[in-house]
């Protein structure tokens, strides 16, 4: 087995960490054994309706605070009417009441997540041609067989010298 981070070959399949870079290898062994699927996929809990409601109210509240100065300039210099400030003030109060409502009456616990079915990849359709063969179909008599890999040819070349 090789380390996916540094490429160093591990001396044994039982080691938990790469001796060269310290990368944790037991998770890689688990992934290889399960065809790339996690044994215990992490469950990310949904925020409770209470937290979601408080967060939405806070977004309304703070966005009205951020927009206060531009709307003040717009209402005094461009429109010369207090209507934009009244609209922004209503958004400000809506944010406060929204947070207060969910703080008092919102559900504290999120519903349990439904178990999801794991989708396995579908096998690709079988090819209509026969699988490739390592040996040629015809070899003239007297011709030596071709080496099976590049490593064998290199090893033979180095062994002759």
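The values are calculated or read from the model by the stated rules, or taken from the named source; none is laboratory data. Please read all numbers here as calculations on a predicted model, not as lab measurements. No Cβ is skipped: glycine too gets one built from the backbone with ideal geometry, and neighbour counts run over all protein chains shown.
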Exercise. Pick from 61, 74, 17: which is in contact with a strand residue (DSSP E or B) (Cβ under 9 Å, 6 or more places away or on another chain) and either touching a residue at least 60 places away in the same chain (Cβ under 8 Å) or surrounded by 10 or more Cβ atoms within 10 Å (Cβ to Cβ) (or both)?
Worked result: 17
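Residue-by-condition table, conditions (1) at pLDDT below 95; (2) within 29 Å of residue 105 (Cβ to Cβ); (3) in a helix (DSSP H, G or I):
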residue: 38; (1), (2), (3): yes, no, no
residue: 42; (1), (2), (3): yes, no, no
residue: 46; (1), (2), (3): yes, yes, no
residue: 53; (1), (2), (3): yes, yes, yes
residue: 61; (1), (2), (3): no, yes, yes
residue: 72; (1), (2), (3): yes, no, yes
residue: 78; (1), (2), (3): yes, no, yes
residue: 81; (1), (2), (3): yes, no, no
residue: 84; (1), (2), (3): yes, no, yes
For this session: Could you give me the residue pairs with C-beta distances under 6 Å whose first residue belongs to the stretch 98-121 and is modelled with pLDDT under 75, whose second residue is surrounded by 10 or more Cβ atoms within 10 Å (Cβ to Cβ) wherever it lies, and which are 6+ apart or on separate chains?
Result: 110/46; 110/48
Seminar exercise, completed: Sole miss for residue 94 among (1) at pLDDT 85 or above; (2) assigned to a loop (DSSP other than H, G, I, E, B) is condition (2)
For this session: Mind listing whichever residues of the stretch 20-36 are at pLDDT 80 or above and surrounded by fewer than 14 Cβ atoms within 10 Å (Cβ to Cβ)?
Result: 20, 21, 22, 24
Exercise. Out of (1) in contact with a helix residue (DSSP H, G or I) (Cβ under 6 Å, 6 or more places away or on another chain); (2) more than 30 Å from residue 98 (Cβ to Cβ); (3) touching a residue at least 40 places away in the same chain (Cβ under 8 Å), the odd one out for residue 50 is which?
Worked result: (2)
For this session: Run down 34, 14, 55 and say which single residue is over 30 Å from residue 93 (Cα atoms) and under 26 Å from the mean Cα position of the chain (by Cα).
Result: 34
